[in-house]
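**Student:** I am attaching a structure below and will ask some questions about it afterwards.
The values are calculated or read from the model by the stated rules, or taken from the named source; none is laboratory data. Note that the coordinates shown come from a computational prediction; the quantities given were computed from them, not determined experimentally. Heads up, the Cβs are rebuilt from the backbone with ideal geometry, glycines too, and the neighbour counts pull from every protein chain shown.
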Amino acid sequence: MNKVVLVGRLTGNPEVRYSQGDSATAVARYTVAVDRRFKSKREGEPTADFIRCVVFGSSAEFAEKYFTKGMRVAISGRIQTGSYTNNEGARVYTTEVIVEEQEFAQSRDERTPGMGSLGQPSPAPSNDPGDGFMNIPDGDGIDELPFN
């Protein structure tokens, strides 16, 4: 069985390209920094592995739209290895995760201060205790929510 599950932080914004042909498919690439359980012996600081990930189709477009550098994400997929010959004639071996599922792995409070989910400014705090829910006015980006 070839199955991998990772939780880590994005090292940069996903890079998206589209395949050529009649039915162009989005292909997103990003790197996830995954902390190791043990600290390095020399420095006494946590170390991380940097795992390259590839995701296709609508999931790639989702990653481009909602994933940003530093965000904690959880992904699952499979490991794929490959190789190619570079311009200098040397054989280069690759290992990456082909993402099958991806999701946010942080709460709204852990995201950028002053910003709500989906990168929208957070509403100003209210002194009204109310019922704990806020009203979303019509035409306020509601069509862009990923779970419509």
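Results for (1) touching a Cys at 6+ places or on another chain (Cβ under 6 Å); (2) modelled with pLDDT of 95 or more; (3) among the polar types (S, T, N, Q); (4) loosely packed, with under 12 Cβ neighbours inside 10 Å, shown as yes or no for each residue.
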{"residue": "Ser76", "(1), (2), (3), (4)": "no, yes, yes, no"}
{"residue": "Gly89", "(1), (2), (3), (4)": "no, yes, no, yes"}
{"residue": "Tyr93", "(1), (2), (3), (4)": "no, yes, no, yes"}
{"residue": "Asn127", "(1), (2), (3), (4)": "no, no, yes, yes"}
{"residue": "Asp131", "(1), (2), (3), (4)": "no, no, no, yes"}
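**Student:** Would you please name the residue that is nearest to Gln106 (Cα to Cα), looking only at residues in the range 1-48 that are over 14 Å from the mean Cα position of the chain (by Cα) and in contact (Cβ under 8 Å) with a residue 24 or more places away in the chain?
**Tutor:** Narrowing the range 1-48 to residues over 14 Å from the mean Cα position of the chain (by Cα): 1-4, 17-26, 35-48.
Next, only the ones that are in contact (Cβ under 8 Å) with a residue 24 or more places away in the chain stay: 2-4, 25-26, 35, 48.
On the way: Asn2: 26, Lys3: 23, Val4: 20, Thr25: 28, Ala26: 25, Asp35: 15, Ala48: 18 Å.
Per the stated criteria, the residue is Asp35.
**Student:** Would you mind telling me which numbered condition in (1) modelled with pLDDT under 95; (2) among the hydroxyl-bearing types (Ser, Thr, Tyr); (3) more than 19 Å from the chain's Cα centre (by Cα) Ser107 fails?
**Tutor:** Unmet for Ser107, out of (1) modelled with pLDDT under 95; (2) among the hydroxyl-bearing types (Ser, Thr, Tyr); (3) more than 19 Å from the chain's Cα centre (by Cα): (3).
**Student:** Is it the case that Gly82 is among the small types (Gly, Ala, Ser), at pLDDT 65 or above and in contact with a Leu (Cβ under 7 Å, 6 or more places away or on another chain)? Quick ask: steps written out before the conclusion?
**Tutor:** Working: among the small types (Gly, Ala, Ser): yes; at pLDDT 65 or above: yes; in contact with a Leu (Cβ under 7 Å, 6 or more places away or on another chain): no.
Spelling it out, it is not the case that Gly82 is among the small types (Gly, Ala, Ser), at pLDDT 65 or above and in contact with a Leu (Cβ under 7 Å, 6 or more places away or on another chain).
**Student:** Among the residues in the range 57-71, are any surrounded by 15 or more Cβ atoms within 10 Å (Cβ to Cβ), in contact with a strand residue (DSSP E or B) (Cβ under 9 Å, 6 or more places away or on another chain) and in a strand (DSSP E or B)?
**Tutor:** No: zero hits.
**Student:** What number of residues in the range 1-24 are over 14 Å from Asp49 (Cβ atoms), polar (S, T, N, Q) and at pLDDT 95 or above?
**Tutor:** The total comes to 2.
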